[in-house]
1. Sorted by accessible area (1.4 Å probe), largest first, how do 32, 19 line up?
2. Mind ranking 186, 157, 191 by accessible surface for me, highest first, 1.4 Å probe?
3. Identify, among 111, 183, 84, the residue whose Cα sits farthest towards the positive end of the charge dipole of the chain, taking +1 on the Cβ of Lys and Arg and -1 on the Cβ of Asp and Glu, with the dipole about the Cα centre.
4. Can you give the accessible area per residue of the chain, in Å², using a 1.4 Å probe?
5. Within the chain, count lysine pairs with alpha carbon atoms under 23 angstrom apart where the residues are 8 or more positions apart or belong to different chains.
6. Counting only protein heavy atoms and using a 1.4 Å probe, what share of the accessible area of the chain belongs to carbon plus sulfur, as a whole percent?
7. So for the chain: antiparallel DSSP bridges make up what percent, rounded to the nearest 5?
8. Over the alpha carbons of region 90-175, what is the largest minus smallest coordinate on each principal axis, giving the biggest first in Å?
Amino acid sequence: GVLDKMKCSHFPNKVSVRFYTPDGRSAAPFYFDEVDDHESSHTWQVDRVEFDAMLLEHAKDSGVEVLEGVHVREVLFEDGRAIGVRADLGDDEPRRILAKVVVDASGQGSVLARQLDLRVIDDQLRHCAISARFQGAQRDEGRDSGATVIYWTRDKTSWFWFIPLPGDLSSVGAVGRLDQLLTDRTRDPQTVFE
């Protein structure tokens, strides 16, 4: 049911991505439907706060019991199968919450990987991103108006994105190695970004 809501949303439709080489040359847009033309060959550029709220409301409307402000402490197991979580709900004692399915969506918090001692840091993937939003940025027109644009740096150790968001906002971000972007952690992230 979320797909129907997305089709009626104000999020920019994304049907392509375009890459710029380190020397500034643009490749032709990569159109998803030219590789596999089906309903999922396009997506949307979403504002995550708004999109996540949409997903949460849809879950509630679909009968899911939603608890917000909960801090999961551990995943509970029985006979080798996840059966729920122990979590703080903001009151005195952590509670057991049983579930048919447990999904660890804790991101870098890695609740389950830490609990099972499975977390491994890959030194080649020690990257970070710094981004900002801008109003009034020039965008492609027509079919490419919602395209993500990727710019590689000359040394190919980092890259920038340009993502059109709803309204007149665009997200611009840089991705690079931690030791490259955060050489001095006392520097203001805006200064590093600029």
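1. Per-residue accessible area, sorted high to low, gives 19, 32.
2. Descending accessible area places them as 186, 191, 157.
3. The listed residue farthest towards the positive side: 183.
4. Per-residue accessible area for the chain comes out at 70 Å².
5. Taking the chain as the scope, the lysine pair count is 4.
6. Within the chain, the accessible surface is 50 percent carbon and sulfur.
7. Once the DSSP bridges in the chain are tallied, antiparallel ones form about 90 percent.
8. 53, 34, 25
The values are calculated or read from the model by the stated rules, or taken from the named source; none is laboratory data. Computed from a predicted structure; not experimentally measured. Counting neighbours? That spans all protein chains shown, and the Cβs are built from the backbone with ideal geometry, glycine included. Side chains included, ligands, DNA and RNA excluded: accessible areas come from the protein's heavy atoms. Shrake-Rupley method; radii C 1.70, N 1.55, O 1.52, S 1.80 Å.
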